[in-house]
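For reference, the structure discussed in these notes is given below.
Readers should treat all values here as calculations from the given coordinates under stated rules, not as data from a laboratory. A quick note: this is a predicted structure, and the numbers were derived from the prediction, not measured. Note: ideal-geometry Cβ built from the backbone for every residue, glycine included; neighbour counts use all protein chains shown.
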Amino acid sequence: MRRYRSKFLLFSICVASAATIAAQSRARPPLKAADVDAIATLLKLEDARTYDQTALDRIVESAHSEVRRRAVQSVGRIADKRGAALLELARKDKDVEVAATAAWSAGQLRDPAAVPWLSESLIGSETLPTIQREAVIALGKIQAPESRAALARYLSETPVAKAPASVVGEALLAIGRFPPQDDIAAITRWATSQNVELRWRTAWALFRPRNPAALPHLLRLADDNSPDVRFWAVRGLAPYPNVDPAPSAARLRAAVRERDRRVRTEALRALSQHDDDASFSLVMSMLTSPDAWLSVSAAEGLARYTTRANVIVPQLVAAAGAERPLALRLTARQSLPRLGPAGKAALDALATDGLPSQAPAVRGPRPVPQLRSDAEYRQIVERWIVPDYNGARPPRAELVTARGTIELEFHPGDAPLGLEYFIRVTESAEIVGTEFSRVVPNFVVQQRGIRNDVVLRDEVSRRGLTRGNLSWASAGLDTGRPGYTLGITPQPHNEGNFTALGRVVGGMDVVERLQLGDTITGARMLK
């Protein structure tokens with residue numbers, strides 16, 4: 001149903017017609033009072049992580065497909081394996097979105113017992129791509145040999161000309177989550193696809209398991225005409241045992257000089273694992289780059305060259321000087337002790353003027369949000385979920401920094417509790433002054449925890465962790481704190497463990513310019 005809503009919403013924006021909006025509302029059955037009550041009950045169960053078999057059995061029998069879909073989603077969010085039987089029944093639901101969500105929830109349960117029916121969902125032309133897509137994602141989360149076998153079979157046997165790109169793309173990401181295997185033909189088959197999305201996913205699936213057999217294919221993909229493919233491919237060009245590293249090192253040295261910033265950064269990271277003189281010299285030269293992504297990556301990578309400590313230590317000491325960017329100073333200091341006694345002695349002699357303390361902050365236990373009343377859960381459903389279902393424009397906010405303004409759009413139907421908290425810290429101005437305490441080049445920027453922050457309940461959904469994703473810092477499900485994070489690249493390996501609260505819709509270039517220590521100077525919800 002989401003794809004229908006998206007089409008109608010796009011049409012209404014283009015035409016700006018009241019008649020179109022009215023037609024949109026008629027296109028989906030309305031949520032009645034009883035439906036709203038049922039969704040509020042599900043929201044409460046998710047918030048409490050309570051598996052109520054009686055309530056779920058009742059709600060999943062609803063006549064309204066959106067209510068059934070949300071009941072099936074709740075099973076995945078609560079993550080109690082007693083829900084496996086309910087999912088196996090729901091996979092046969094006549095509504096495509098309900099059946100697809102059943103597959104998604106099976107992946108959240110990580111239950112190997114679901115592998116047979118998830119695999120069955122990939123077989124036969126009668127299965128719709130929406131369901132197949134969620135099935136392959138789920139198989140990637142269930143780390144069982146049978147899961148990988150099913151993914152490999154699908155990628156090997158699906159006709160290239162007729163393959164739904166949405167399914168193949170997710171299958172490539174899913175198979176890339178498994179440990180190295182001898183047979184990678186199912187993956188490399190897609191390396192020459194005309195679809196750039198499939199090629200970058202192929203590169204990701206090849207580099208991630210660190211399989212030496214993938215190296216020749218990664219070298220070819222490193223010459224792809226799309227930087228989206230190249231920056232993933234060069235990540236896999238690190239040295240492998242018993243494999244001549246020279247071709248990879250040469251390709252990486254060339255890539256460090258490319259125009260695309262992402263390719264340069266990832267090539268430099270991989271190059272720092274090569275120990276030949278030419279590679280070392282190039283990594284060393286990047287220590288003085290005006291681009292923080294490159295200088296920080298060089299400072300981090302130089303710590304690997306322990307046999308060259310006498311040359312590196314003076315350069316890292318200079319990089320830790322007061323006039324250098326904060327991220328570089330801190331990274332240089334972190335690398336010095338890894339270079340042995342000379343590095344440790346140099347670190348001890350360095351002044352710490354102007355540097356933040358490296359000692360972990362002493363924090364008391366963070367408060368856990370209390371469960372709300374039934375009436376409050378119903379109000380949240382009415383405020384966010386019902387309008388989102390009806391096609392209302394998603395809420396937006398802006399964060400102001402010294403580098404520029406970032407505009408965010410939220411997913412109110414998927415993460416209403418997280419949205420409520422974001423609005424609270426924004427309207428109270430608690431988020432203002434929060435600094436970006438973690439900036440990983442070409443990966444993520446992350447804020448320090450907000451004053452008086454709490455543990456947030458994750459609201460994981462079928463939305464992927466794509467470029468520009470807004471989430472929050474977490475060490476696992478339901479351990480997160482806002483410390484909000486902004487993804488610079490897709491993060492397929494983290495899907496299923498983080499909430500997709502929203503996405504960047506303006507100022508992605510600002511996100512990429514943020515540096516360690518930058519702060520949020522203003523924040524507001526947009527009307």
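Multiplying the residue separation of Glu376 and Asn452 by 0.36 nm and subtracting their alpha-carbon distance yields 25.2 nm. In a simple Cβ point-charge model (Lys, Arg +1; Asp, Glu -1; nothing else charged), the chain has a dipole of about 380 debye relative to its Cα centre.
Counted by neighbouring Cβ atoms within 10 Å, the residues Arg68, Arg372 run from fewest to most as Arg372, Arg68. Translational diffusion of the chain, estimated by Stokes-Einstein from the Kirkwood radius over alpha carbon pairs at 37 °C in a medium of 0.692 mPa s, is 131 µm² per second. Under 5 Å between amide H atoms, partner at least 5 residues away or on a different chain: which partners does Thr401 have, H built in plane at 1.01 Å? Hits under the 5 Å cutoff: Ile406, Thr521.
Can you figure out the FRET efficiency of Leu128 with Thr521, using R₀ = 45 Å and their beta-carbon distance, to the nearest 0.05? Here the calculated transfer efficiency is 0.40.
For segment 124-164, the alpha carbon positions stretch 28, 20, 13 Å along the principal axes, listed from largest to smallest. Rounded to whole numbers, the Karplus 3J(HN,Hα) couplings from phi for segment 471-485 are 9, 9, 4, 7, 10, x, 3, 6, 10, x, 9, x, x, 7, 10 Hz, using 6.51 cos²θ - 1.76 cosθ + 1.60 with θ = phi - 60°, and x at Gly and Pro.
All other residues whose Cβ lies under 15 angstrom from that of Gln446 are scored, Lys and Arg at +1 and Asp and Glu at -1, for a net of -1. Here the simple spin-label model places points 7 Å from the Cα toward Cβ, and for Met508 and Arg110 these points are separated by 3.1 nm. Pairs from the table (Lys81/Lys141; Lys32/Lys81; Lys92/Lys141; Lys32/Lys94) lying more than 25 angstrom apart at Cα are Lys32/Lys81. Extension gain for Ser285 to Arg393 (0.36 nm times residue separation, less C-alpha to C-alpha distance): 34.0 nm.
Placing R0 at 45 angstrom, the Cβ-Cβ distance between Arg383 and Leu326 gives a FRET efficiency of 0.65 after rounding to 0.05. Separation of segment 296-345 from segment 31-55 is 54 Å, based on Cα centroids.
Here each label is just a point 7 Å from Cα along the line to Cβ, and for Asp223 and Thr50 those points are 6.3 nm apart. Here the Karplus curve 6.51 cos²θ - 1.76 cosθ + 1.60, taken at θ = phi - 60°, turns the phi angles of segment 83-94 into couplings of x, 4, 5, 5, 5, 5, 6, 5, 5, 9, 4, 5 Hz, with x standing for Gly and Pro. For Glu61 and Glu146, the difference between the fully extended length at 0.36 nm per residue and the C-alpha to C-alpha distance is 27.4 nm. The convex hull of the Cα atoms of segment 375-526, projected and averaged over all directions, covers 8.4 nm².
Taken along its three principal axes, the alpha carbon spread of segment 171-314 comes to 48, 32, 23 Å, from the longest extent down to the shortest.
Look at where the Cα atoms of segment 479-527 and of segment 77-150 average out, and the two centres are 30 Å apart. The amide H of Ile488, built 1.01 Å from its N in the peptide plane, has Phe443, Val444, Val445, Gly468 as neighbours under 5 Å, considering only residues 5 or more places off or on other chains.
Restricting the calculation to Cα atoms, every distinct pair contributes to the Kirkwood radius of segment 178-260, found to be 12.7 Å. Legend: translational diffusion of segment 446-509 by Stokes-Einstein, Rh = Kirkwood radius over C-alpha pairs, 10 °C, 1.306 mPa s; D = 134 µm²/s.
Remark: spin-label model distance Glu157-His493 equals 3.1 nm, labels positioned 7 Å along the Cα→Cβ axis.
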